[in-house]
Amino acid sequence: MGHEFAGRIGRDWRESEPWWPPEPTAPAGAPNVVMVVLDDVGFAQLGCYGSDIETPVIDALASEGVRLANFHTTSLCSPTRVCLLSGRNHHRSAMGRVADLAVGFPGYWGKPPRENGFLSEILRENGYATYAVGKWHLTPEDETNMAASRATWPLARGFDRWYGFHGGETHQFVPALYHDNHSVRPPASAHDGYHLSEDLLDHALTFLGDLRAVDAERPFFLYLAFGACHSPHQPPAHWREHYRGRFDAGWDEWRQSTFERQVASGLVAPTTKLSERPSWVRPWDELDEGQRRVAARFMEAYAGFLSHADQQVGRLLDFLEHLGERDNTIVVVVSDNGASAEGGSEGSINDVRLTNLDPAGDAEMLARIDEIGGPLTHNNYPWGWTMAGNTPFRRWKREVHEGGVADPCIVVWPDGGLAANQIRHQFTHAIDVVATVLELGNLRTPTAIDGVTQSALDGTSFAYLLGEHGAAAPERHETQYFEMFGSRAIYHRGWKAVTFHPVGPLYDDQDPNASFDDDVWELYRVSEDIAETRDLAREYPDVLSSLIDLWWAQAEANQVLPLDNRVLWALTHPKPDRRRPRERFRYFPGGAQVPESVAVNVRNRSHALIVRVEVDEGGCDGVLLALGSALGGWSLHVLNGRLRYVHNLYGAQRHVIESRERLAAGQHVLEYEFLKDEGLGGEGILRCDGEEVGRGRVARFTPSGFNGVGAGLTCGYEWGPAVGTGYEAPFEFAGTILSALVETRGPVVRDPLAELEAILSEQ
């Protein structure tokens, strides 16, 4: 166990002296640590940061502690999370972008190295119990399945227990859940009132209760990472209704009012100038009535989602109060990046439609307005609300202007002597949180964890800011680089140099293939102009040049290079698959869902689903094989005794093929064959024991991803919400599945990602 025996061993027990290796023990009175991570919540979207969205619990925390007004992230979720947990820069932790887009360079492998120990590992070495609840997104996508290594899962990185989800997002009513090291189904249905945010808190409280039932004194670290407010913005129905009509005035007026509240509260200086609305965001008064109704409904769903999450934080604080441990708990509340622009200029009712080049238009969104925020949409608001959510800053998530990297951060510890209801304006960053927690708790930083020598932290503790006199303290985090998909920035002693490089032709006047050397750098004195409204590049060329040189030096030191903005390339060139190519895939009834990324790929190619079953005398309805959900996918099932296939084209339309006759009792071989044509679709044929029993055309087979919420391939049941109509998931097969096969019968006829890349390059 790494300890030299300190007792005495004789020939028998009479001549021997026992000894036990010491176990990590926390210092007397060590504080609990709770880190609450919100997702895609912009600088201006919490009430205590200027919003009129109701977040009373978090606002009360701000009144008890310190708000950081100059806190920064990486502009994207996985990279920020690795900074928050490791205290090192994201490229140094191999997380230069989201884990799903890992590429073959050290800064982008998507697997944080062991020498960069996580806060969970450090605190466990200090005698803490450690729990993760919620979003992880620190594991490469191909390792999020039941056949994969668990080396990058939470329990392998210092957490004793985990309940949550992999990936960037999941359905809030039917999430793709994991418990410790295995996949689990949601414990209840949306009809029963289930919601992920509440489920996460239920498990968090259970974990803490289980700890206190056995050990009344051991401090704990709880990492609580909500799905809120990443898309899909799906709050409980009553929270959507709660905000009805509250955003009808539009994003321009909301942004101005929010800015005025920020200035009045001292969050930003009175001299701050509100950044201009970008040309690609339409003024609210240019939208027609239907567009305004839809846009307002998108924001109502988002606001309800955030307020509901705030309510869950309140449940946690109430439980800590009940334990008598509220005052000796350090609570840190952060967001991982600025507000998201992934919903596009008009908003989206199903984000996977954007990747399939078929977004819903204004008419469809208006017709489906009452579905927004519910289980049948994967909704995300339009750019106007993104802009407003990052008030007073420019740009948004995934970019390194302040709108992408400036975020809320609140620190509270009643027993720690911190200032109350104070704002601090010194520069801080996500990499500083680990060092701050360790200093506040007077906890040691181990030189080695599990035999692995630890690298130095990159972060600078900001504990010095949190006392009564912190406002006047000289800034200690003086230099910080930023990079995301080729956009770069560097902060140094009040100055910031920044350049934007697109990942695609988001705007007509930008060429995504331009050389990085052609990028135009801007220069801002952000100590005086935090909103980046006055470009000083021409006035101070020497300052700009020195900052650019400093950026390159930081890039070399932190594994940032090579610069790479090729998102589509990363999607089409994943890490080499160690599995041998095959054309036949076997699945087993009742097993864990198989994530789409490692399931059989039937898109744009001929294929067959072949299931051998035994049908009872009374008939056997239920799912045989399925992939996806109501947001997109396919399902082969028996409904009312008839074999049936449904192809769900990303929630926009369903292609249904049904047998003409009911299945007789006994054993049968049931088959669905899809014959891909040279166009967008193909012919579907149902067979029972080799005889054709149904035929129909699938006009357009899903060209790219089926759904973006983690509903993978299942055998004997569906994950839900149901792919088809006339039944509800899980719709488990009532008979016996003897074998279930999927065969690919030909090459991909149309390569959707190559086609998408070609279309984007022409725009």
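Points worth noting:
- Of the residues screened, Phe305 is one that is of a type in the set (A, V, I, L, M, F, W, C) and more than 24 Å from Asn70 (Cβ to Cβ).
- In the condition set (1) assigned to a loop (DSSP other than H, G, I, E, B); (2) touching a residue at least 12 places away in the same chain (Cβ under 8 Å), Arg586 is compliant with all but (1).
- Set Ser335, Ser340, Ser345: member being surrounded by fewer than 18 Cβ atoms within 10 Å (Cβ to Cβ), closer than 20 Å to His230 by Cβ and either in contact with a strand residue (DSSP E or B) (Cβ under 9 Å, 6 or more places away or on another chain) or not charged (D, E, K, R) (or both): Ser345
- Qualifying positions in segment 685-744 - among the β-branched types (Val, Ile, Thr), assigned to a loop (DSSP other than H, G, I, E, B) and surrounded by 22 or more Cβ atoms within 10 Å (Cβ to Cβ): Thr702, Val709, Val723
- Filter result (of a type in the set (Asp, Glu) and in a loop (DSSP other than H, G, I, E, B)) within segment 536-583: Glu539, Asp564, Asp577, Glu583
- Flag for Ala497 being of a type in the set (Gly, Ala, Ser), part of a loop (DSSP other than H, G, I, E, B) and over 30 Å from Pro414 (Cα atoms): no
- 3 or more residues touching a residue at least 40 places away in the same chain (Cβ under 8 Å) and touching an Asp or Glu at 6+ places or on another chain (Cβ under 8 Å): qualifying helices (runs of 4 or more DSSP H) within segment 237-341: 251-265, 289-323
- Restricting Thr271, Thr329 to those that are under 27 Å from the mean Cα position of the chain (by Cα) and assigned by TED's automatic domain parsing to the domain that holds Glu253 reduces the list to Thr329.
- The set of residues from segment 148-171 being among the β-branched types (Val, Ile, Thr) and either surrounded by fewer than 16 Cβ atoms within 10 Å (Cβ to Cβ) or more than 15 Å from the chain's Cα centre (by Cα) (or both) comprises just one member, Thr152.
Yes or no, residue by residue, for (1) over 27 Å from the mean Cα position of the chain (by Cα); (2) within 25 Å of Thr736 (Cβ to Cβ):
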residue	(1), (2)
Val623	yes, yes
Leu649	no, no
Val656	yes, no
Ala664	yes, yes
Glu671	yes, yes
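- One residue alone among Ala630, Ala599 is aliphatic (A, V, I, L, M) and closer than 21 Å to Leu376 by Cα, and that residue is Ala630.
- Pair list, Cβ under 6 Å, 6 or more apart: segment 644-660 residue among the polar types (S, T, N, Q), other residue surrounded by fewer than 24 Cβ atoms within 10 Å (Cβ to Cβ): Asn648/Arg654; Ser659/Arg642; Ser659/Val693; Ser659/Gly694
- Residue within segment 435-448 that is modelled with pLDDT of 95 or more, surrounded by 24 or more Cβ atoms within 10 Å (Cβ to Cβ), of a type outside the set (Asp, Glu) and under 23 Å from Met484 (Cβ atoms) present: no
- Matching residues in segment 199-218 - criterion: being over 15 Å from Ala132 (Cα atoms) and either in a helix (DSSP H, G or I) or touching a residue at least 60 places away in the same chain (Cβ under 8 Å) (or both): Arg212, Ala213, Val214, Asp215, Arg218
- Failed item, numbered, when Val600 is tested on (1) in a strand (DSSP E or B); (2) in contact (Cβ under 8 Å) with a residue 40 or more places away in the chain: (1)
- Qualifying residues in segment 521-549 (those that are touching a strand residue (DSSP E or B) at 6+ places or on another chain (Cβ under 6 Å) and touching a residue at least 60 places away in the same chain (Cβ under 8 Å)) - the one surrounded by the fewest Cβ atoms within 10 Å (Cβ to Cβ): Val526
- When segment 106-147 is limited to residues that are touching a residue at least 60 places away in the same chain (Cβ under 8 Å), closer than 20 Å to Leu571 by Cα and assigned to a loop (DSSP other than H, G, I, E, B), the one that is farthest from the chain's Cα centre (by Cα) turns out to be Asn145.
- Annotation: of all residues in segment 348-363 being part of a loop (DSSP other than H, G, I, E, B) and of a type outside the set (Val, Ile, Thr), the one that is surrounded by the fewest Cβ atoms within 10 Å (Cβ to Cβ) is Gly361.
The values are calculated or read from the model by the stated rules, or taken from the named source; none is laboratory data. Please read all numbers here as calculations on a predicted model, not as lab measurements. Don't worry about glycine lacking a Cβ; one is built from the backbone with ideal geometry, like all the others, and counts go over all protein chains shown.
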